[in-house]
Amino acid sequence: MGTCGDIDSLSMDSNELTRSESEMAGDPVLDKPQVVRRSWREYFRTVVLTLLVALLIKAFVIEAFRIPSGSMEETLLIGDFLLVNKFAYWIRMPRYVPLTKIELSSLTIPLFKDIRHGDVVVFEFPHLDAEYARSSGAHYIKRCIGLPADTVVMFGNEVFINGNRLSLPPHAKQNGSVSHWQQNQRLFPAVSRFSDGRYGPIIVPKKGDTISLDPYTIYHWRWMITQEGHTITLDEEKKILLDGQRTDSYVIQQNYYFVLGDNRDNSLDSRYWGFVPENNIIGEALMVYWSWNPEISVGSIGEKLGSVRWDRIGTIIK
Amino acid sequence: MSSLYLHIPFCDHKCIYCDFYSVAPNGNKEKFDGLVDRFLSALRTEIELRHADGRFNAEYSTIFFGGGTPSLLPPSKVGEILDLLHAKFRVRSDAEITLETNPGTVDLERLREFRSAGVNRISMGIQSFHDDDLKFLSRIHTAEQAKSCVRDAFRAGFENVSFDLIFSLPSQSLQRWESNLQQAVALEPSHVSCYSLIVEPNTPLYKMVESKQVSPLPENVDAEMYETTIEFLRTHGFEQYEVSNFARPGFKSRHNLSYWNHDHYLGFGPSAHSFWDGRRFWNIANIVNYSEFLNRGQLPESGGEDLTEEQLVEEEIFLGLRSEGIDLKKLRRLYRKDLMASVSSRVNEFREQNLLVLDQERLRLTSKGYLLCDEIASTLVLAGMPGEMYYK
């Protein structure tokens, strides 16, 4: 039920984002005439109602996605199809009127469950600067590592959250010891001295936090402040202007999350482009409902079917 | 900007060169623990009394736990003190909260607890990355312990970690000092303080020097080490913002700066000094007497002085030169003192010698000038003051 969209887990090697055309699963159009004749009105009503239910479920409850990259290996494999629970954390108005690009105002009703460490989440890629502009708005899947206000540190192969070591998820992939201690300019934030072997400490922004701004730290925060709808600049005396007013602090307006791919050595994630705003989170990955080799063309249907990974079907994503 | 300072007067043992007030267990652990408890309860009383006074109702930007060895305290106690300070004083939510920490007194777990108690800056007393130096200074840790402590601070989530290093040790070579600096920057501190070893009276080191067991390095070697330090740290991305202090962009110690800016600070604990509205006052430098005073509900102040305007100007000059420059506008505004008018010939001489620069109404030392900080400051003060002031 619902449309099946491409999801990208944004790995280092396959950074390409492709969105395949949406196709309706559970097509409501009947293919055989019924014995009992009904009026066309009735058919029409059935079709419309089914469509409506499908759209509502897709908008609020469950959406299907496909995995095109290896950044979540081996929790998720290329060619997995997943169901994503959009109802896990909240009921949220869809961003657009279904089947259109008409934007709706945002409304979120929180449910009982909060996002937790280790949840595998699907989110819309935040709008960032030039390097990631093409990814903006696409769907991504990563594991949530840092919650709002958490301090995240990566040292060698280990991840620490507020000083507590976070163990590697059971199916995650990580090569031997990370030993790149040279500053890596590609890491977020650009002004940091972080290296692959030594990342952080970095504090995940939390709604209501006051951060102090100076001409150095604004480089760290600028994209978030911009994302929250403000402009931030420096005047000729190098004082900070927020929406044209001088200031030395800023109050964060929404919660953010720090996410990593399970394929730790081959994933473009929060380490590279920053935090995921809460508003961008779509839901929690639920289960693999189908899985086959994506490299085999559907033309060779026999081979394609032979590649079905039956053992993965029904796998609950943990 | 106002600051809070807490003097935690406990050490595992006294190092040979240290003249700060502190007590060590000397084998009697039970008695020592009792003393720590008495001190903590006295400290709470002192905080409450200062709060009740009402004069110190300001916004505080920094809290500093110094000592002594504050990292010997249980993290939960540090948390309780911080909670009390937050309850009694207006502490900014983004305040810089520093804990002086000695390697060998903490592990990852304790550092994690200090951080969750609210500490967000660690000032680590490393002193040297050579075991011989550490042994000479009678430190309790080894070089390897220091490095592992730095890594633990990083794992625990401390972004702001400062190293204290000492140079000019007797028989230390320039190469060995440079190797210290190299090992320090490889550990990626956000801030480094480098002090030349000073032989203070009433320390075991003083006696060792007097009895000719050790001889201090010649002054020219000391100067060479200092110059090397400035140059080395500059090329590694550290900005010198005070004679002995170097920081990466965004990591200058706000607490230190408040001292050098002549801002208000309030000190707690034995021997702690305070500076408020032109008055400097200080506590008894004895933990037993300190606690007894407070148990009776009395402040443990043992002295104070109201600084005259001339003294305040003099301090502005000394402190300003040590750090980010003399604020000429501030001198004119607060003390109606135009330094450029009164000592312009001396200032210009220093500027010609590339020792001083005038930068946006601030008179700042160059790196060359830092070497002669005290001489330049004295010259400016003496040249600018009417003679009789010194006979008061």
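Taking (1) surrounded by fewer than 17 Cβ atoms within 10 Å (Cβ to Cβ); (2) at pLDDT 95 or above; (3) not β-branched (Val, Ile, Thr) in turn, B:GLY269 satisfies each apart from (1). Evaluated against (1) closer than 30 Å to A:ASN175 by Cα; (2) within 14 Å of chain B (Cβ to nearest Cβ); (3) of a type in the set (Asp, Glu), A:GLU237 falls short on exactly one condition, (1). Here is a check on your reading of the model: is B:PHE238 in contact with an Asp or Glu (Cβ under 9 Å, 6 or more places away or on another chain) and of a type outside the set (Asp, Glu)? In short, no. Checking each residue in segment B:153-180 for being hydroxyl-bearing (Ser, Thr, Tyr), within 15 Å of B:LEU134 (Cα to Cα) and surrounded by 19 or more Cβ atoms within 10 Å (Cβ to Cβ) picks out only B:SER168. Only one of the listed residues (B:GLN183, B:GLN240) is within 14 Å of chain A (Cβ to nearest Cβ) and crowded, with 16+ Cβ neighbours inside 10 Å. That residue is B:GLN183. Just a yes or no: is a residue in segment A:257-265 closer than 26 Å to A:TYR96 by Cα and away from every other protein chain (no Cβ under 14 Å)? Checking segment A:257-265: at least one residue is closer than 26 Å to A:TYR96 by Cα and away from every other protein chain (no Cβ under 14 Å). Restricting the search to helices (runs of 4 or more DSSP H) fully inside segment B:168-246 and requiring at least 3 residues that are in contact with a Ser or Thr (Cβ under 8 Å, 6 or more places away or on another chain) and under 23 Å from B:GLU144 (Cβ atoms) gives B:174-186.
Taking each residue of segment A:287-309 that is in contact (Cβ under 8 Å) with a residue 40 or more places away in the chain and looking for partners that are among the basic types (Lys, Arg) with beta-carbon atoms closer than 7 Å, six or more apart or interchain, yields A:VAL288/A:ARG312; A:SER291/A:ARG309; A:SER291/A:ARG312; A:TRP292/A:LYS304; A:TRP292/A:ARG309. Scanning segment B:140-187 for residues that are on the phi > 0 side of the Ramachandran plot and out of contact with any strand residue (DSSP E or B) (no Cβ under 7 Å at 6 or more places or on another chain) turns up just one, B:SER171. Set side by side, the residues B:ILE140, B:ILE126, B:ILE122, B:ILE97 differ, and just one is assigned to a strand (DSSP E or B) and more than 26 Å from B:SER2 (Cβ to Cβ), which is B:ILE126. Among the conditions (1) closer than 30 Å to B:HIS7 by Cα; (2) surrounded by fewer than 21 Cβ atoms within 10 Å (Cβ to Cβ), B:LEU205 misses just one, which is (2). Where residues in segment B:130-140 are in contact (Cβ under 8 Å) with a residue 24 or more places away in the chain and in contact with an Asp or Glu (Cβ under 9 Å, 6 or more places away or on another chain), which of them is nearest to the other protein chains (Cβ to nearest Cβ)? Taking the candidates together, the pick is B:ILE140. Within segment B:107-129, being more than 10 Å from chain A (Cβ to nearest Cβ) and either among the aliphatic types (A, V, I, L, M) or touching a strand residue (DSSP E or B) at 6+ places or on another chain (Cβ under 8 Å) (or both) holds for B:ALA117, B:GLY118, B:VAL119, B:ARG121, B:ILE122, B:SER123, B:MET124, B:GLY125, B:ILE126, B:GLN127, B:SER128. Scanning segment A:204-232 for residues that are more than 10 Å from every other protein chain (Cβ to nearest Cβ) and of a type in the set (Phe, Trp, Tyr) yields a count of 2.
Listed here are the residues, each with its yes/no results for (1) polar (S, T, N, Q); (2) closer than 25 Å to B:ALA247 by Cβ; (3) under 25 Å from the mean Cα position of the chain (by Cα).
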{"site": "A:ALA190", "(1), (2), (3)": "no, yes, yes"}
{"site": "A:ARG198", "(1), (2), (3)": "no, yes, yes"}
{"site": "A:ASP209", "(1), (2), (3)": "no, yes, yes"}
{"site": "A:GLY229", "(1), (2), (3)": "no, no, yes"}
{"site": "A:ARG246", "(1), (2), (3)": "no, yes, no"}
{"site": "A:VAL251", "(1), (2), (3)": "no, no, yes"}
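Restricting the first member to segment B:148-161 and to residues that are facing chain A (nearest Cβ under 7 Å), and the second to residues that are buried (at least 21 other Cβ atoms within 10 Å of the Cβ) and basic (Lys, Arg), the beta-carbon pairs closer than 6 Å and six or more apart or on different chains are B:ALA156/B:ARG112; B:ALA156/B:ARG115; B:GLY157/B:ARG115. Scanning segment B:12-34 for residues that are more than 17 Å from the chain's Cα centre (by Cα) and within 24 Å of B:LEU266 (Cβ to Cβ) yields a single hit, B:VAL23.
The values are calculated or read from the model by the stated rules, or taken from the named source; none is laboratory data. Quick caveat, the model's predicted, so the values are computed rather than measured. All Cβ positions, glycine included, derive from the backbone under ideal geometry; neighbour counts span all protein chains shown.
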